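Undergrad: Below you'll find the structure I mean.
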Amino acid sequence: LGTSKGITIDVKVDGASAAANASASSSATPTPTPTPTPEITSLTMSSPYASPCTEFAIRTGDSVALTGSHFPMTVTPDYQWTSGDPSVASVSVDENGRCTVTGVGAGTTKVTLSCYGKTVDCTVYVRN
């Protein structure tokens with residue numbers, strides 16, 4: 001037995017004959033191996049005031065830059081920044097993954113940094 005089978009189909013369209021060849025292979029195309037999710041062992045959030053950042057206070061309209069770091073550093077980060085309550089503090093992220101937290105309204109919320117299953121929080125107190 002061979003590894004492939006040839007099939008010839010003769011099709012007549014308006015009296016003209018056209019032959020079409022198709023071959024079926026008995027060997028399956030290998031399934032690609034999925035890319036594994038990178039693993040990190042630690043994740044840290046830092047502010048200009050503390051590393052690690054666990055809390056800070058700002059006034060409505062003021063902003064603070066936060067940065068993330070992880071280990072091992074050979075893993076390309078996929079940082080996700082979120083605010084627990086955007087009506088208290090908003091987050092914006094630049095093209096380099098740095099986060100800016102801006103006070104929106106008086107209150108308390110948490111800013112969360114997530115990367116490959118690890119998360120860290122920093123409490124933000126916003127005053128008028």
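Undergrad: Please compute the modelled spin-label separation between THR74 and SER114, points set 7 Å along Cα→Cβ, answer in nm with one decimal.
TA: 2.7
Undergrad: A follow-up question, please. What is the gain in length, in nm to one decimal, between SER87 and ARG127 on full extension, counting 0.36 nm per residue of separation less the C-alpha to C-alpha distance?
TA: Values: separation 40, 0.36 × 40 = 14.40 nm, distance 1.26 nm.
My answer for the length gained is 13.1 nm.
Undergrad: Let me ask you something else. The stretch 26-116: which chymotrypsin sites (Phe, Trp or Tyr not before Pro) are DSSP loop and have at most 10 other beta-carbon atoms within 10 angstrom?
TA: Working: sites: TYR49, PHE56, TYR79, TRP81, TYR116; in loops: TYR49, TYR79, TYR116.
Passing both the DSSP loop test and the Cβ count: TYR49.
Undergrad: How much FRET efficiency would the formula 1/(1 + (r/R0)^6) give for ASN96 and ALA28, where r is the Cβ-Cβ distance and R0 is 35 Å, rounded to 0.05? Display every interim value, and only then the final one.
TA: Numbers: r = 44 Å, r/R0 = 1.25.
About 0.20, to the nearest 0.05.
Undergrad: Could you compute the net charge surrounding CYS99? Neighbours are other residues with a C-beta less than 15 Å from the C-beta of CYS99; K and R count +1, D and E count -1. Intermediate results must be reported in sequence, preceding the final value.
TA: Details: positive: ARG98, LYS110; negative: ASP62, ASP78, ASP94, GLU95, ASP121.
Taking every other residue near CYS99 into account, the sum is -3.
Undergrad: If I model a spin label as a point 7 Å beyond the Cα along the Cα-Cβ vector, how far apart are those points for THR35 and ILE58 in nm?
TA: 3.2
Read the figures in this text as sums done on the coordinates, not as results from a lab. Just so we're clear, the structure is a prediction, and the values are computed from it rather than from any experiment. Cβ atoms come from the backbone with ideal geometry, glycine included; neighbour counts cover every protein chain shown.
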